[in-house]
Amino acid sequence: MTAGWSLTAHLESQAPAVWDAVQGMSRGRVVFTLPPEPSPCGGTALKPLFLACDEWRRRGVLNDLDVHLVTPFTGVLGLPFVDDRLDAQLRELGVSVHRESTVASVDHRQRTVTVDGPTPTVLDGVDRAFVVPPYRGQGWLEPLAREGASGQVDVDPETMAHRSAPRVWSLGDAAALDTRPSGGALRRQVEVLADNIARSRLGRPLRRYDGYTIVPVTLDRRRLLLAEFDRTGAQAPTTRLVDLSVPRRALRLFDRYVEPILYFRALLRGRLVP
């Protein structure tokens with residue numbers, strides 16, 4: 001974009017340009033956003049904010065930057081068991097948070113971002129805006145979609161069976177499962193859906209999916225936390241040995257080096273990961 005703006009979604013091809021933009025900043029106003037639901041693993045949109053602030057703090061220029069975050073939730077992610085930690089980190093970094101808000105418009109010529117929320121605001125003099133657009137399902141899914149569900153397939157969120165087309169099943173980002181989509185959620189969904197297809201053919205009761213999902217949040221270049229929760233937003237840990245919602249260096253290393261292997265070599269090939 002012109003005037004030094006960078007409008008980004010989570011596209012691998014744009015990541016180098018985004019990081020170049022971050023490294024090129026030493027003063028000015030910058031805006032980051034969290035997308036409204038449903039959005040595939042929307043909480044990961046915090047990663048560029050925290051990594052950028054970590055870089056600016058390392059270079060000693062963070063105090064010369066006016067950083068804003070626009071979030072649609074009352075808390076940072078709308079998850080009480082992690083929001084306190086995220087709020088503390090944002091306060092430490094000096095980030096201004098616009099809660100229960102979304103970006104209504106961006107004017108790159110006037111360098112303004114219009115924020116729609118409880119207190120509508122026009123942020124002017126913006127040097128960079130990293131904006132994640134709202135999510136919508138693919139157009140070819142529209143005949144199967146639920147009205148008002150952002151183009152997602154109209155399934156029973158607990159069984160993943162289509163409400164009116166009994167031979168249609170759906171999961172992942174494309175399905176209206178009333179939970180936040182993520183790769184970790186897909187792993188659980190695949191298990192339940194595969195079992196339910198077999199059960200339906202045998203006339204047996206279907207299993208119920210509780211909406212379990214997991215959102216990784218990178219706090220800086222060293223630490224990461226994992227938010228595990230169900231459809232209601234209640235914490236749903238998969239292990240009692242360690243609290244994964246506490247930022248840890250080991251989780252950052254796992255996310256950086258182990259998770260890609262599991263994702264590309266197992267999950268995308270339809271293999272369940274324990």
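Can you name every residue in the stretch 99-125 that is of a type in the set (Asp, Glu) and either within 27 Å of Leu79 (Cα to Cα) or free of Cβ contacts under 8 Å to residues at least 12 places away in the same chain (or both)? Steps first, answer last, please.
Initially, the stretch 99-125 is screened for residues of a type in the set (Asp, Glu), giving 100, 107, 116, 124.
Hits for the stretch 99-125 are Glu100, Asp107, Asp116.
Given the residues Val115, Val76, which is the only one that is open to solvent by less than 20 Å² (accessible area, probe 1.4 Å), in contact with a Lys or Arg (Cβ under 9 Å, 6 or more places away or on another chain) and either modelled with pLDDT of 95 or more or assigned to a helix (DSSP H, G or I) (or both)? Before you say what the answer is, go through the steps one by one.
Numbers: Val115 fails: in contact with a Lys or Arg (Cβ under 9 Å, 6 or more places away or on another chain).
Answer to the selection: Val76.
Can you tell me which residue in the stretch 118-143 is farthest from Ser96 (Cα to Cα), limited to those that are touching a helix residue (DSSP H, G or I) at 6+ places or on another chain (Cβ under 9 Å) and either open to solvent by less than 60 Å² (accessible area, probe 1.4 Å) or at pLDDT 90 or above (or both)? It would help to see each step written out before you state the result.
Applying the first criterion (touching a helix residue (DSSP H, G or I) at 6+ places or on another chain (Cβ under 9 Å)) to the stretch 118-143 yields 128, 130, 132, 135, 137-138, 141.
When the remaining residues are screened for being either open to solvent by less than 60 Å² (accessible area, probe 1.4 Å) or at pLDDT 90 or above (or both), the result is 128, 130, 132, 135, 137, 141.
On the way: Arg128: 15, Phe130: 15, Val132: 18, Tyr135: 25, Gly137: 31, Leu141: 38 Å.
Checked the stretch 118-143; the qualifying residue farthest from Ser96 (Cα to Cα) is Leu141.
Whether any residue in the stretch 226-234 is of a type outside the set (A, V, I, L, M), at pLDDT below 95 and open to solvent by 40 Å² or more (accessible area, probe 1.4 Å) is what I want to check.
Taking every residue of the stretch 226-234 in turn, at least one turns out to be of a type outside the set (A, V, I, L, M), at pLDDT below 95 and open to solvent by 40 Å² or more (accessible area, probe 1.4 Å).
Which residue out of Ala176, Ala194 is touching a residue at least 12 places away in the same chain (Cβ under 8 Å) and of a type outside the set (D, E, K, R)?
Step by step, each of Ala176, Ala194 is checked, and only Ala176 is touching a residue at least 12 places away in the same chain (Cβ under 8 Å) and of a type outside the set (D, E, K, R).
Name the residues in the stretch 196-219 that are part of a loop (DSSP other than H, G, I, E, B) and closer than 30 Å to Leu49 by Cα, would you?
Taking the stretch 196-219 first, the residues part of a loop (DSSP other than H, G, I, E, B) are 203-212, 219.
Result: Gly211, Tyr212, Leu219.
Scan Glu92, Glu100 and give me the residue that is in a loop (DSSP other than H, G, I, E, B), open to solvent by 40 Å² or more (accessible area, probe 1.4 Å) and of a type outside the set (A, V, I, L, M, F, W, C). Give the derivation first.
Numbers: Glu92 fails: in a loop (DSSP other than H, G, I, E, B).
Answer to the selection: Glu100.
Yes or no: Ala45 modelled with pLDDT of 95 or more and closer than 16 Å to Val95 by Cβ?
Details: modelled with pLDDT of 95 or more: no; closer than 16 Å to Val95 by Cβ: yes.
Taking the combined requirement at face value, the residue does not satisfy it.
Read through the list (1) part of a loop (DSSP other than H, G, I, E, B); (2) open to solvent by 20 Å² or more (accessible area, probe 1.4 Å), then give the number of the only condition that Leu186 fails.
So the condition that Leu186 fails would be (1).
Looking at Gly151, Gly137, can you tell me which residue is free of Cβ contacts under 8 Å to residues at least 24 places away in the same chain, assigned to a loop (DSSP other than H, G, I, E, B), of a type outside the set (Asp, Glu) and closer than 30 Å to Ala194 by Cα?
Numbers: Gly137 fails: free of Cβ contacts under 8 Å to residues at least 24 places away in the same chain.
It is Gly151.
Residue pairs, Cβ under 8 Å, 6 or more apart or interchain, first in the stretch 40-61 and without any contact (Cβ under 8 Å) to a residue 12 or more places away in the chain, second of a type in the set (A, V, I, L, M, F, W, C) and buried (at least 17 other Cβ atoms within 10 Å of the Cβ). List them.
Correct list of pairs: empty, since none qualify.
Looking at (1) in a loop (DSSP other than H, G, I, E, B); (2) open to solvent by less than 40 Å² (accessible area, probe 1.4 Å); (3) of a type in the set (A, V, I, L, M), can you tell me which one Leu193 breaks?
For Leu193, the failing item is (1).
Before we move on, is Ser164 part of a helix (DSSP H, G or I) and either surrounded by fewer than 18 Cβ atoms within 10 Å (Cβ to Cβ) or at pLDDT 95 or above (or both)? Talk me through it step by step, then tell me what you get.
Values: part of a helix (DSSP H, G or I): no; either surrounded by fewer than 18 Cβ atoms within 10 Å (Cβ to Cβ) or at pLDDT 95 or above (or both): yes.
So Ser164 fails the test.
Which residue, of Arg252, Arg240, Arg223, Arg207, is closer than 19 Å to Arg85 by Cα, open to solvent by 60 Å² or more (accessible area, probe 1.4 Å) and not polar (S, T, N, Q)? Give the derivation first.
Numbers: Arg252 fails: open to solvent by 60 Å² or more (accessible area, probe 1.4 Å); Arg240 fails: closer than 19 Å to Arg85 by Cα; Arg207 fails: closer than 19 Å to Arg85 by Cα.
After applying the criteria, what remains is Arg223.
The values are calculated or read from the model by the stated rules, or taken from the named source; none is laboratory data. All values reported here derive from a predicted model rather than from experimental measurement. So basically every Cβ, Gly included, is an ideal-geometry build from the backbone, and we count neighbours across all protein chains shown. With ligands, DNA and RNA removed, areas are computed over all heavy atoms of the protein, side chains included. Shrake-Rupley method; radii C 1.70, N 1.55, O 1.52, S 1.80 Å.
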